[in-house]
Amino acid sequence: MPDDQNIIFRIDGPIIGDEYPLHDVIAILDGFHSLLDQSYLVLVSKNRMTRAERVNFRVLSSRARPGSLIQDLKLVYQVVEPLLPLFPQLASADIWKSAKAAFDFLKMVTNLRRNGKEYTVSAPNNEGIIVLNSTGSASVSITQNVFNIAERSLDGYKSLTNQIEEGRIVSISALDNRREGIILTNEEKKLFNPETKVEDDPVNVTGRIFDFNTEKLSGKVRVGDGQPIPAQDYNFLLIGNQDFVPYIMAMTVPEVTLRCLQEIEQHPTGAKYIFRLQAVSLVHK
């Protein structure tokens, strides 16, 4: 069985001292763990972690040191002998290398987009290779697995970088023995949380409102099939000087129709998706 992969994980910022807010630190550690999980799941062609796989693949933490929060992490993938035929032969280093490559790819395409440079992402053959091309730059090739990990990790990087805040957290990093890996600062926060664009034309969407926050004037709506937008749960925000009471009452009925504007964010890999809906009004039938 290959050697385990060692990583030094570090959180720097004013809130880290002899005492620190446990909730924030746990959220950061959990967010980083989920990135490693996505790398593992793509490499083994699965969508979710089973209990047996959690036993086989795990991240061990040791030697927490004060000042910054620094912890030695060890990625362990070890399948017990009777289960060997059922699980893929995989090294912990493969999981880490793929996670690093996906991070580098995401940074590359987000930088291109931020600088206004056009790029294409294509699969020119059937050999599982993805090619990134941009005018004035050399093409970059990655595996299909790395591309898939990048797609599945973007939300994780959004969440992690949102923990970075002036006066609290300055940086989050995970580096291997070569001092290579993942470093997140305020610069990465800007990269992974780009500005969104609101579509000009409103659409009518029918779904079930199942959550509403009266302080933030925002909620969640579950949209089914056969709508102008893909079926899934969406966050929505009230715009204009609207009374929020009808939206609260709407949670008591099976479904309502929202007239809304789509707030669009472009995925670094080229796809566009709906960041949230801006609710213009409730449509009364």
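Is there any pair linking a residue in the range 135-151 that is part of a loop (DSSP other than H, G, I, E, B) to one that is at pLDDT below 90, with Cβ under 7 Å and at least six apart or on different chains, and which?
Thr135/Lys117; Thr135/Glu118
Among the residues of the range 1-29, write down those that are closer than 14 Å to Leu75 by Cα and within 24 Å of the chain's Cα centre (by Cα).
Within the range 1-29, Gln5, Asn6, Ile7, Ile8, Phe9, Leu29 meet the criteria.
Going by the structure shown, is Ile248 in a loop (DSSP other than H, G, I, E, B), aliphatic (A, V, I, L, M) and at pLDDT 90 or above?
Here the answer is no, as Ile248 does not meet what is asked.
Can you name the residue in the range 123-161 that is farther than 28 Å from Lys189 by Cβ and either modelled with pLDDT under 80 or charged (D, E, K, R) (or both) and is also surrounded by the fewest Cβ atoms within 10 Å (Cβ to Cβ) among such residues?
Looking at residues that are farther than 28 Å from Lys189 by Cβ and either modelled with pLDDT under 80 or charged (D, E, K, R) (or both), I get Asn126.
I need the full set of residues from the range 180-199 which are charged (D, E, K, R) and over 15 Å from Ala99 (Cα atoms), in order please.
Within the range 180-199, Glu187, Glu188, Lys189, Lys190, Glu195, Lys197, Glu199 qualify.
Can you name the number of the only condition in (1) out of contact with any helix residue (DSSP H, G or I) (no Cβ under 7 Å at 6 or more places or on another chain); (2) modelled with pLDDT of 95 or more; (3) not small (Gly, Ala, Ser) that Leu217 fails?
(2)
With respect to the numbered conditions (1) surrounded by 12 or more Cβ atoms within 10 Å (Cβ to Cβ); (2) not in a strand (DSSP E or B), which one is the sole condition not fulfilled by Cys260?
(2)
Is there any pair with a first residue in the range 107-118 that is in a helix (DSSP H, G or I) and of a type in the set (A, V, I, L, M) and a second that is surrounded by 13 or more Cβ atoms within 10 Å (Cβ to Cβ) and at pLDDT 75 or above whose Cβ atoms are under 8 Å apart and which are 6 or more apart or on different chains, and what are they?
Taking only residues 6 or more apart or on different chains, the pairs are Met108/Leu132; Met108/Val140; Val109/Tyr119; Val109/Val121; Val109/Leu132; Leu112/Tyr119; Leu112/Ser134.
Could you list, in sequence order, the residues of the range 78-102 that are under 24 Å from the mean Cα position of the chain (by Cα) and modelled with pLDDT under 80?
Across the range 78-102, the qualifying residue is only Leu90.
Those residues that are in a loop (DSSP other than H, G, I, E, B), more than 18 Å from Leu43 (Cβ to Cβ) and touching a helix residue (DSSP H, G or I) at 6+ places or on another chain (Cβ under 9 Å), I need them from the range 119-134; list them, please.
Scanning the range 119-134 gives a single hit, Ala123.
The values are calculated or read from the model by the stated rules, or taken from the named source; none is laboratory data. These figures come from a predicted structure and were not determined experimentally. Backbone-built Cβ (ideal geometry, glycine too); neighbour counts: all protein chains shown.
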